[in-house]
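Scroll down for the structure; my scribbles are underneath it.
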Amino acid sequence: MGFLVRKTLVHKFEICAKAVPGRCLSAIISLDFGENVNIITVFFPCYTYNVSHSTELSECLSFLEDVLNNGLSSVVLGDMNFACNVNNERFKQCYSVLSRYNVFHCDDMIDNGNCITYCNYSLSHSSFLHHMFVTDNIWQDIVCAEVHDTGVNLSYHIPIIYKFRWSLNHSAKQADKPKKVKQYSWRWDKSDLEYYYQCTNHSLSLINIPTTPDCDLNCCLGSHFDAINMYYENIVAALHCAFSSAINCIPCDTLKPFWNEELDRLKNDSIFWHYLWLDAGRPSSGILQYTRLSVKAKYKLAIKIACLV
């Protein structure tokens, strides 16, 4: 349970409270026009017939009430493990609490018509479990919403993206801190070696070979020494120029250490077949669906194996 926030917006974001079971976390974000907004992320318990489910859900709702009592406009979002319809008892229980604070769900804002946020094809289970609730006075600030379904996502859970018409100043009003110097490395395995050879050939062809007549192993002429040293320095400069132009310099912590070309290929295959499946209208069976799931399973298994090596 947590929030991912851009470093440039950390000064606008403050963690405030966490529910005891660890299923809810609240923060306050400060908007540029002076208003503060509650942001609450939740992970409600999965439905079971035992009493622990009812107890945990009640604790989550009690936490929401405590936060909403501060009177701020609010956004409540996360995996709620229920569908927002009046026949669902857990939704009705949640609605009875949130509606008292004029907080309502935004499912109707999703504009691509895809209302599936959990999909387990091996079990043939799919449902709409992830939702966002907002205070009615900030409903008009929502620009758009979509279920972000891509071939890269290996989870059964599919994220929803909401875009708000809010202004946030990225310039931090904090004391200057010493910047951490990034460490870079030259990655031959992430570069085009053929291009490097071309650059090397071009750079070396521009160097003039020194002419030193009457020079042998016993030569002690200073002008000859200078010419040879200059020739050497020109070769080094040419190789460095080709190297800098063709070889990628990447921050050391950018790439996953286990990543390789095979994973790149499987990732691209998964994306390709996923979008082909989307364009075909999301068929639930047939060769296209079988191929998409097969390619995705290979990609997922390859990542697991690579992480273990």
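The values are calculated or read from the model by the stated rules, or taken from the named source; none is laboratory data. As the structure is a computational prediction, the values presented were derived from the model and not from experiment. All Cβ positions, glycine included, derive from the backbone under ideal geometry; neighbour counts span all protein chains shown.
Would you list the helices (runs of 4 or more DSSP H) that sit entirely within segment 192-309 and hold 2 or more residues that are in contact (Cβ under 8 Å) with a residue 40 or more places away in the chain and under 30 Å from Ser122 (Cα atoms)?
On the way: elements: 193-205, 222-246, 261-279, 287-308.
Hits in segment 192-309: 261-279, 287-308.
Among the residues of segment 152-189, which ones are more than 21 Å from the chain's Cα centre (by Cα), modelled with pLDDT under 85 and charged (D, E, K, R)?
Lys173, Asp176, Lys177, Lys179, Lys180, Arg187, Asp189
Identify, please: which residue in segment 13-36 is touching a strand residue (DSSP E or B) at 6+ places or on another chain (Cβ under 6 Å) and farther than 19 Å from Met1 by Cα and is, among those, surrounded by the most Cβ atoms within 10 Å (Cβ to Cβ)?
First, the residues of segment 13-36 that are touching a strand residue (DSSP E or B) at 6+ places or on another chain (Cβ under 6 Å): 13-18, 23-30, 36.
Add one more test, that the residue is farther than 19 Å from Met1 by Cα, and what stays is 30, 36.
On the way: Ser30: 16, Asn36: 14.
This residue is Ser30.
On the basis of being in the same structural domain as His131 (by TED's automatic domain parsing), over 24 Å from Ile158 (Cα atoms) and in contact (Cβ under 8 Å) with a residue 60 or more places away in the chain, does Ser54 make the cut?
Details: in the same structural domain as His131 (by TED's automatic domain parsing): yes; over 24 Å from Ile158 (Cα atoms): yes; in contact (Cβ under 8 Å) with a residue 60 or more places away in the chain: no.
The answer is no for Ser54.
Which members of segment 85-121 meet the condition of being under 20 Å from Phe164 (Cβ atoms) and either assigned to a loop (DSSP other than H, G, I, E, B) or not assigned by TED's automatic domain parsing to the domain that holds Ile28 (or both)?
Start the filter on segment 85-121 by keeping residues that are under 20 Å from Phe164 (Cβ atoms), which leaves 98, 101-112, 117.
Asn102, Cys106, Asp111, Asn112, Thr117 - these are the residues of segment 85-121 that are under 20 Å from Phe164 (Cβ atoms) and either assigned to a loop (DSSP other than H, G, I, E, B) or not assigned by TED's automatic domain parsing to the domain that holds Ile28 (or both).
With at pLDDT below 90, at positive phi, charged (D, E, K, R) and loosely packed, with under 14 Cβ neighbours inside 10 Å as the only criterion, which of Asp226, Asp214, Asp192, Asp279 stands out?
Details: Asp226 fails: at positive phi; Asp192 fails: at positive phi; Asp279 fails: at positive phi.
After applying the criteria, what remains is Asp214.
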